[in-house]
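The values are calculated or read from the model by the stated rules, or taken from the named source; none is laboratory data. In this text the structure is predicted, and so the values were computed from the model without any measurement. Note that we place each Cβ from the backbone using ideal geometry, even for glycine, and neighbour counts take in every protein chain shown. Surface accessibility is based on the protein's heavy atoms, side chains included, excluding ligands, DNA and RNA. Shrake-Rupley method; radii C 1.70, N 1.55, O 1.52, S 1.80 Å.
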Amino acid sequence: MTANSAKALVLPLGLLVAFEVWARATHLQSDSLAPPSQIVMALAGAFADLSILAATRDTLFAAFTGLAIGTVIGLALGIAFGISETLDRLMEVTVEAIRPIPSIALLPIALIALGFGYRMEIVIVAFACVWPVLILSRAAVRSIEPRLMEVARALRLPPAQRVWKIIVPAALPRIFVAFRLSAGIALIVAVTVEIAINPLGLGAGIMLAQQALRPDLMLAYLVWIGAIGYALNVFLVVAQNRLFGRAALSGDGR
């Protein structure tokens, strides 16, 4: 751990200690709050009985499957729109009309069509993940150096090879940024669907703990979801920097 990382932990740890002291001093009784020590004990108990691991498996399966489907669809559409201005203009109104629809607003339709379970959650996650990939991949294709396209035409590459050998490698750093954004969205949407209606995963665990008047367990689930999201982002940032180096930083806008 670097010195900067250690300094960054001082404030949150200090706040946790202060809240623990205050909760003990006031003998906190609440249906929505719990001392950090009780949250840690509840989290340990959830790990001991494997309930939180089973819920994590369900949430990550739905999130990653939806992420994969949404990424493939968004990438295909983004490349197609980036290559063909005519197609982009024809689809502009349709895309801009559908894109602002909140993914959660599809819950009633998805529930009627697919019922409870993985399929409904995966479809909603995929819908949410399509748009960041589509928009950023389309922008990435349009920003490719024109000379690369001239080389492809000079070599008389077929359209499929032009996409695979020229467009995708040149746009890949920015496409990976879009994938990072979609990964975070996938986890958020999956948990939200589970809280709202789907009796699976970490979101359902939060609701069951809330209904059982267990704020310590409810907050333990929230802490665990935050840890998963943080770990996922760190993994993708490291992978991005290892794979693309400076190109990753420029594509990320940092």
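Some notes on this structure:
- For the pair residue 109 and residue 25, the difference between a 0.36 nm per residue extended length and the Cα-Cα distance amounts to 25.3 nm.
- Extension reserve of the residue 16-residue 95 stretch, reckoned as 0.36 nm per residue once the Cα distance is removed: 24.0 nm
- Protein accessible area in the chain, 1.4 Å probe - carbon and sulfur %: 70 percent
- Here the Karplus curve 6.51 cos²θ - 1.76 cosθ + 1.60, taken at θ = phi - 60°, turns the phi angles of the stretch 219-230 into couplings of 6, 5, 4, 5, 4, 5, 4, x, 5, 5, x, 5 Hz, with x standing for Gly and Pro.
- Averaged over its residues, the chain has an accessible area of 57 Å² per residue, based on protein heavy atoms and a 1.4 Å probe.
- Relative contact order (%) - criterion: Cα under 8 Å, at least six apart; region: the stretch 9-167: 27 percent
- Dipole moment magnitude, nearest 20 debye, the chain about Cα centre, only Lys, Arg, Asp, Glu C-beta charged: 1040 debye
- By the compact-protein rule of thumb, 2.2 N^0.38 Å, the alpha-carbon radius of gyration of the stretch 24-76 corresponds to a ratio of 1.83.
- Which of 149, 124, 202, positive extreme of dipole for the stretch 103-211 (C-beta unit charges): 149
- Point-to-point label distance, residue 196-residue 49, nm (Cα→Cβ direction, 7 Å offset): 2.9 nm
- Here r is the Cβ-Cβ distance between residue 227 and residue 87 and R0 is 35 Å; the resulting FRET efficiency, rounded to 0.05, is 0.25.
- Of 18, 196, 80, the one that fluctuates the most in a GNM where the chain has Cα springs shorter than 10 Å: 18
- Centre-to-centre separation between the Cα atoms of the stretch 72-139 and those of the stretch 9-41: 42 Å.
- Rg/Rg_globular for the chain, with Rg_globular taken as 2.2 N^0.38 Å and Rg from C-alpha atoms: 1.24
- Convex hull of the stretch 1-130 built on C-alpha atoms - directionally averaged projected area, nm²: 13.7 nm²
- Which of 84, 232, 98, positive extreme of dipole for the chain (C-beta unit charges): 84
- As a calculated quantity, the FRET efficiency between residue 168 and residue 119 at R0 = 35 Å, using C-beta atoms, amounts to about 0.70.
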